[in-house]
1. If you take the residues in the range 120-134 that are open to solvent by 30 Å² or more (accessible area, probe 1.4 Å) and either hydroxyl-bearing (Ser, Thr, Tyr) or not in a helix (DSSP H, G or I) (or both), which one is nearest to the ligand (Cβ to nearest atom)?
2. Filter the range 221-243 down to residues that are touching a residue at least 24 places away in the same chain (Cβ under 8 Å) and among the small types (Gly, Ala, Ser) and give me whichever is farthest from the ligand (Cβ to nearest atom).
3. For the range 135-186, how many residues meet the condition of being among the hydrophobic types (A, V, I, L, M, F, W, C) and either modelled with pLDDT under 85 or open to solvent by 40 Å² or more (accessible area, probe 1.4 Å) (or both)?
4. Restricting attention to the range 332-374, and to residues there that are polar (S, T, N, Q) and either in a strand (DSSP E or B) or touching a residue at least 60 places away in the same chain (Cβ under 8 Å) (or both), which single residue is nearest to Gly221 (Cα to Cα)?
5. For the range 378-413, how many residues meet the condition of being assigned to a loop (DSSP other than H, G, I, E, B), open to solvent by 10 Å² or more (accessible area, probe 1.4 Å) and closer than 20 Å to Val215 by Cα?
6. Does the range 157-188 hold any residues that are in a helix (DSSP H, G or I) and touching a residue at least 12 places away in the same chain (Cβ under 8 Å), and which are they?
7. With the requirement that a residue be more than 25 Å from Gly77 (Cα to Cα) and among the polar types (S, T, N, Q), what does the range 294-322 give you?
8. For Gln314, work out the one condition from (1) part of a loop (DSSP other than H, G, I, E, B); (2) farther than 16 Å from Ile207 by Cα; (3) open to solvent by less than 60 Å² (accessible area, probe 1.4 Å); (4) in contact (Cβ under 8 Å) with a residue 40 or more places away in the chain it doesn't fulfil.
Amino acid sequence: MNILILGSGGREHALAWKIAASPLTTKLYCAPGNAGIAQQAECVALDINDHAAVAAFAKEKTIDLVVVGPEAPLCAGIVDDLEAAGIMAFGPTKWAARLEGSKGFTKDLCKANNIPTAAYERFKQAGAAKDYVRKKGAPIVVKADGLAAGKGVVVAATVKEAEDAIDMLFGGGLGQRAWEIVIEDCLVGEEASFFALCDGEAAIPLIAAQDHKRVGDGDKGPNTGGMGAYSPAPVMTPQMNQRVMDEIVLPTVAALKRAGAPYKGVLFAGLMITDKGPQLIEYNVRFGDPECQVLMLRLMSDLVPALIAARDGQLKNFDLRWYADAALTVVMATKGYPGTYGKGSVIEGLDRAAQVEGVEIFHAGTKADGNKILANGGRVLNISARGKTVAEAQARAYQAVDRIDWPDGFCRRDIGWRAIARAR
Ligand code: AMP
C-alpha cells in the first residue's frame, strides 16, 4: 500500500516508524514531516490545511490510505473531503470530530448519556458566567469552547482567578474572542490518557498512558503540550480499563452512531481517576503527543491492518497484541519553551544516543541542513525507550539524553516519577 501521513510532530514520527515497519507498506509519504520522519518516509511540502491539494497529491501518487495526525485538519473535515474524493482516510469526520472541537458538544453528550464527567454549565455572556462562578465557589475550571492548542483551560484556585479567566477568554486573550465558554467543577484524582480504536460501531481499547503537562520537574511551572509520557499507567488497572470502556467509550460511540455521526478513528479520553471512578475531562480525536510515542513502542501487532479495520467498520473481531515491556518518552525542548524560543540551534550526538539499548528517538520539531540537524520548534525531540519496568525505560531514556549535545535544549529529569514511586 502507498500510505500518506499528515503532520510533522513526534506523534507522526512514531506513526511513521510503526507504519514503515509494516509488511503492507510499499511507499510511505509524510506531509510536511520533519528531519527524523525523513528516515522512514518521503517528506512532501504540502499544506495539510489545503484539503484539495492533499487530495490531488493522493490521487497523483495512488495513495491507498491517508492517516491524519493532528486535530485541526480533522475538525476542519479533511477525512470527509478525502473520502468524497475516493481516497481512504483514517480519522473521524468533521461531525464526529466535534468531540474535540467543541467542549460544549461533548459535555452535553455526556449529560444526555450518563457518561461520568464534571458538572458544568455553558455560557455566552461574561456576566452570567461570573454569577455562576460566584455561586459555585472555587476551585473551578473555565474553558473556551473551541480548539485552543491546550491554552483554553484555566483551573482557577479562587473566584477572582475564574472571573479573570472569563474576561480573558471573552476579551480575546487567546487571539480571538471565545464565542462560548464551559465552566465546570474541579475534579480531584490522578490523570490518565486512555485510547480506543473505533470503527463507528465497535471499539477496542488500546493501552493507557500518563503524560506530564507542566514544564518543570515536580510537575511545576506553566502547562505545555506535554514534556514526557509513559505506559503502562499504574492507576489504569484492568478493572479501571474495563470501566472506562463500559462507562465512557462505548456509550460515546453508541451515542454518536445514533446521532448520525459515527466515530471512526482513535478516541483519546483524558481522564481523572477519582475516588468514585473514572471521570471524563475531555476527548481528543487523535493520538496524544507524546503518548503516541510510547503506545507505538509497546504495540507488537502491525498498526496498518488496525487502521484499515477501523476505517472499514471491521473492528468487531479485531485484536491487537502489546509488549509487556514499559515504555517512556522524554521530550527535549528549546530553552524558553513554552514561551518564546529561538530556532536553528545545532543538535549533535543523536546517533550515539540512539545506540543505547531499547532507545528510539522520535523527532518532533527538527530540520535538516546538509548533514546537520537543527532545532525547528518548541518541542524538538522525543527520547523514547522500552524497558522491563518504567524505571528501566526511564534510565535508558536519560542515558540517551545525556549523549545528546544540544546546549540550547532542556528536558525534565523526572518523567515517570509517579509510576516509579508507586513501584517502590
Ligand atoms: P483539557 O484541555 O480539557 O484537557 O484540560 C487541560 C488540563 O486542565 C487537564 O489535563 C487537567 O489537568 C486540567 N483540567 C481540565 N478540566 C479539569 C477539571 N474539571 N478538573 C480538574 N482539572 C481539570
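1. Glu121
2. By that ranking, first place goes to Ser231.
3. Residues in the range 135-186 being among the hydrophobic types (A, V, I, L, M, F, W, C) and either modelled with pLDDT under 85 or open to solvent by 40 Å² or more (accessible area, probe 1.4 Å) (or both): 13 in total.
4. Going through the qualifying residues, I end up with Thr334.
5. Qualifying residue count, the range 378-413: 7.
6. Correct list: Val159, Glu161, Ala162, Glu163, Ala165, Ile166, Asp167, Met168, Leu169, Phe170.
7. Those that are more than 25 Å from Gly77 (Cα to Cα) and among the polar types (S, T, N, Q): Ser301, Asn317.
8. (3)
The values are calculated or read from the model by the stated rules, or taken from the named source; none is laboratory data. Every value quoted in this text rests on a predicted model; they were computed, and no experiment measured them. Don't worry about glycine lacking a Cβ; one is built from the backbone with ideal geometry, like all the others, and counts go over all protein chains shown. Accessible surface is based on the protein model in full, side chains and every heavy atom, while ligands, DNA and RNA are left aside. Shrake-Rupley method; radii C 1.70, N 1.55, O 1.52, S 1.80 Å.
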